[in-house]
Every structure is written in structure tokens, then in C-alpha cells.
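Down below is the structure, laid out as C-alpha cells.
The values are calculated or read from the model by the stated rules, or taken from the named source; none is laboratory data. All figures in this text were calculated on a predicted structure; none of them were measured in a lab. Note: ideal-geometry Cβ built from the backbone for every residue, glycine included; neighbour counts use all protein chains shown. Side chains are part of the model used for accessible areas, which takes the heavy atoms of the whole protein and leaves out ligands, DNA and RNA. Shrake-Rupley method; radii C 1.70, N 1.55, O 1.52, S 1.80 Å.
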Amino acid sequence: MNGGTNKQARPPTVVRPWLAFKQLTTLGFPRRFPIVQFPNLPLIVAFLAGQVGGFVRGSEHSFAMSVSYLAMTIWAYEELADGVNWFRHLLGLAYVIILVIRVAHALQA
């Protein structure tokens, strides 16, 4: 022990950016009743996969859109189950309903 002092172990450099990102995703506006929040990881993955799906064709397009739908489903479930207020719960429910309709329509096409 370094001269009898008790120093806290510093987190690895990989953990620090992740913790900063997690703290950033807790920010919302307005502060007392967040309606707008910084996108969390499933939402970022969904947007990126959706953009990739717009540029590729064939099986790559299907894969990218599947990843996008899956990430949006995870995001909607997280909002529905763990949203910070009733508006965020309602937003999650609305998007779950929209996703069910879009997937059902895609399966019939």
C-alpha cells in the first residue's frame, strides 16, 4: 500500500468513456419532466443501421433493417418499462405499436 494511504483504483480507460456516455444519456429537457433526452445506445444503433440500410441492397439491406428494427424494439421496451415519466412510457408504447404494424406490413409484402 503506497505509504499507508488508501487510494481508489482508477477505472480502466475503456470504462471512463462509457460512464461519461451513460451520464450524458441521463440529461433531459426540461429537467423536471424530460421529454427530450440524449439518444441512448439502442437508439443510436437503430439510426445508424437504418442509414446503412438506405445505402445497401439485397441481403445486406435486409440485415441492416432487421438490426434497426431490433434496436428500436429494445429502445421502445426500455422506454415503456423504465421511462422517466408517463410521457416516455407512452412514447415507448406508441412505438411498440408502430413497430408491430410495420413488421406485420413487411411480412405481407
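Could you check, for segment 31-43, whether at least one of its residues is out of contact with any Phe, Trp or Tyr (no Cβ under 7 Å at 6 or more places or on another chain), open to solvent by 90 Å² or more (accessible area, probe 1.4 Å) and at pLDDT below 90? Looking through segment 31-43, at least one residue is out of contact with any Phe, Trp or Tyr (no Cβ under 7 Å at 6 or more places or on another chain), open to solvent by 90 Å² or more (accessible area, probe 1.4 Å) and at pLDDT below 90. Residues in segment 71-82 that are within 16 Å of Leu99 (Cβ to Cβ) and free of Cβ contacts under 8 Å to residues at least 24 places away in the same chain: Ala76, Tyr77, Glu79, Leu80, Ala81.
Among what's in segment 33-44 and is of a type in the set (Val, Ile, Thr) and either assigned to a strand (DSSP E or B) or farther than 16 Å from Leu91 by Cα (or both), pick the residue that is farthest from the chain's Cα centre (by Cα).
First, pick out the residues of segment 33-44 that are of a type in the set (Val, Ile, Thr): 35-36, 44.
Adding the requirement that they be either assigned to a strand (DSSP E or B) or farther than 16 Å from Leu91 by Cα (or both) leaves 36, 44.
Numbers: Val36: 13, Ile44: 6 Å.
Selected residue: Val36.
Return yes or no: is Phe47 touching a helix residue (DSSP H, G or I) at 6+ places or on another chain (Cβ under 9 Å), outside any helix (DSSP H, G or I) and either open to solvent by 70 Å² or more (accessible area, probe 1.4 Å) or modelled with pLDDT of 80 or more (or both)? Judged against the criteria, Phe47 is not a match. Selection within segment 55-93: residues that are open to solvent by less than 20 Å² (accessible area, probe 1.4 Å) and small (Gly, Ala, Ser). The member of this set that is farthest from Arg31 (Cα to Cα) is Ala64.
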